[in-house]
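Asks: Sharing a structure with you now.
The values are calculated or read from the model by the stated rules, or taken from the named source; none is laboratory data. Treat the numbers as computed from the prediction; the structure is a model and nothing was measured. Here the Cβ positions follow ideal geometry from the backbone for every residue, glycine too, while neighbour counts run over all protein chains shown. Surface accessibility is based on the protein's heavy atoms, side chains included, excluding ligands, DNA and RNA. Shrake-Rupley method; radii C 1.70, N 1.55, O 1.52, S 1.80 Å.
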Amino acid sequence: MSVMDTALRESLKVLRLSGMMETLDARLAQAHGGELGHLDFLQALCQDEITRRGTVAFQRRVQRAKFEQQVTLEEFDFTASSKLLAAQIRDLAALRWLHAGESVILFGPVGVGRTHIAQALGHLAVRQGANVRFAKTSRIVAELAGGHADRTWDKRMRELIRPDVLILDDFAMRQMTAAQADDLYELVSERQGRSLIITSNRAPSDWYPLFPNPVVAESLLDRLINTSHQVIMNGPSYRPNKRPRNPADKNGTAAS
């Protein structure tokens with residue numbers, strides 16, 4: 001290694017350009033071999049740093065999202081559902097709803113893949129640079145309830161408002177208390193113009209009786225439902241397709 005190479009590495013370290021450092025040897029070999037001119041060499045190093053920073057930022061956004069699973073739309077078996085569902089989901093994959101500040105509601109019976117699709121759409125949003133947060137709705141209301149107890153409610157609410165996309169999984173699973181309903185109302189109101197993805201095993205029209213105060217229910221759900229793309233996910237359970245096969249069954253069919 002020449003003195004010039006050593007000095008260059010030290011400069012890159014000071015400037016925190018580790019992406020350039022990681023590929024410097026390869027780029028120098030290309031330059032020495034005549035594959036890269038002076039400007040090409042510099043451009044290649046800059047692109048290496050841009051790529052590294054993009055990868056690191058993506059990984060950080062994925063980590064902050066707190067997905068239960070790293071799943072994508074490409075992994076979802078649309079053959080188990082209707083062609084209409086596939087067309088709707090692929091339309092949502094364009095993320096026009098995200099750029100418009102709209103929301104998505106995925107509802108249907110247990111096992112049809114609602115959570116998979118929600119996380120896959122969230123993963124797409126992360127790829128496009130959006131900040132995403134995934135959580136069970138029960139966990140969100142518990143977090144906000146804890147904020148009332150230790151006087152950190154405002155801080156916790158700000159953390160839930162901040163993401164570009166907030167995924168509320170298993171929404172409207174059970175009857176809400178008045179305090180929980182009020183917290184959800186505040187959350188939805190404060191996130192006006194920011195996207196939500198909601199999964200539920202109940203149709204939105206069946207959510208109203210779960211809220212003790214009809215006025216709060218009407219205000220909250222009207223804001224939510226009227227700005228959302230609604231996808232009905234009917235059909236057979238998706239989960240049997242994900243079960244491990246019985247090694248003793250050579251045909252791949254579970255023993256009766």
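Asks: Would you kindly calculate the mean projected area, averaged across all directions, of the convex hull enclosing the Cα atoms of the chain, in square nanometres?
Replies: Hull-based average projected area comes out at 21.8 nm².
Asks: How do Arg151, Arg127, Arg156 stack up against each other in accessible area, from largest to smallest, with a 1.4 angstrom probe?
Replies: In descending accessible area the options line up as Arg151, Arg127, Arg156.
Asks: Report, to the nearest 10°, how far helix 178-190 tilts away from the longest principal axis of the Cα atoms in the chain, using its own Cα long axis and a range of 0 to 90°.
Replies: 40 degrees
Asks: For the chain, set up a Gaussian network in which alpha carbons nearer than 10 Å are linked by springs, and say which option among Leu28, Leu17, Leu39 fluctuates the most.
Replies: The residue that fluctuates most here is Leu39.
Asks: Kirkwood Rh and Cα-based Rg: tell me the resulting Rg over Rh for segment 33-170, rounded to two decimals.
Replies: Using Cα coordinates only, the ratio equals 1.11.
Asks: Right, next: Taking the dipole about the Cα centre of the chain, with the C-beta of Lys and Arg at +1 and of Asp and Glu at -1, give me whichever of Ser11, Pro109, Leu24 is farthest to the positive side.
Replies: Pro109
Asks: With the Cα gyration tensor of segment 162-209 giving a ≥ b ≥ c as the square roots of its eigenvalues, does the rule (a/c under 1.5 for rounded; else a/b larger than b/c for prolate; else oblate) give rounded, prolate or oblate?
Replies: It is oblate, given that a/c is not under 1.5 and a/b is not larger than b/c.
Asks: If you line up the long axis of helix 38-65 against the longest principal axis of the chain, both from Cα atoms, how many degrees apart are they, to the nearest 10?
Replies: Helix 38-65 sits roughly 30 degrees off the main axis of the chain.
Asks: Averaged per residue, what accessible surface does segment 1-119 expose to a 1.4 Å probe, in Å²?
Replies: 61 Å²
Asks: Just to be sure I understand: with springs between alpha-carbon atoms less than 10 Å apart, which residue in Ser103, Ser219, Ser138 has the highest mean-square fluctuation in the Gaussian network model of the chain?
Replies: It is Ser219.
Asks: A follow-up question, please. About its Cα centre, how strong a charge dipole does the chain have in debye, to the nearest 20, once Lys and Arg get +1 and Asp and Glu get -1 at the Cβ?
Replies: 420 debye
Asks: With a 10 Å cut-off between alpha carbons and a GNM built on the chain, which of Val104, Val14, Val62 moves the most?
Replies: With Cα springs under 10 Å in the chain, the top fluctuation among Val104, Val14, Val62 is at Val14.
Asks: May I pose another question? Would you mind pulling out the separation of the Cα centroids of segment 101-140 and segment 149-180, in Å?
Replies: 15 Å
Asks: On to the next question. From the square roots a ≥ b ≥ c of the eigenvalues of the alpha-carbon gyration tensor of segment 94-204, which class results: rounded (a/c under 1.5), prolate (a/b over b/c), or oblate?
Replies: oblate
Asks: Counting only protein heavy atoms and a 1.4 Å probe, tell me what percentage of the chain's accessible area is made up of carbon and sulfur.
Replies: Here carbon and sulfur together make up 52 percent of the probe-accessible area.
Asks: Can you give the charge dipole size of segment 1-68 about its Cα centre, rounded to the nearest 20 debye, using +1 on the beta carbon of Lys and Arg and -1 on the beta carbon of Asp and Glu?
Replies: 560 debye
Asks: Further question: Could you give the C-alpha radius of gyration of segment 190-236 expressed as a fraction of 2.2 N^0.38 Å, taking N as the number of residues it contains?
Replies: Ratio of Rg to 2.2 N^0.38 Å for segment 190-236: 1.25.
Asks: Something else about it: Using a/c under 1.5 as the rounded threshold, could you call segment 20-69 rounded, prolate or oblate? The axes a ≥ b ≥ c are square roots of the C-alpha gyration tensor eigenvalues, and prolate needs a/b larger than b/c, oblate otherwise.
Replies: Taking the square roots of the gyration eigenvalues as a ≥ b ≥ c, segment 20-69 is prolate.
Asks: Let me ask something else about it. Measure nothing fancy, just the Cα-based angle from helix 114-127's long axis to the longest principal axis of the chain, in degrees from 0 to 90, nearest 10.
Replies: 30 degrees
Asks: Could you tell me the accessible area of Ser205 in Å² (1.4 Å probe, neighbours in place), rounded to the nearest ten?
Replies: Accessible area of Ser205: about 90 Å².
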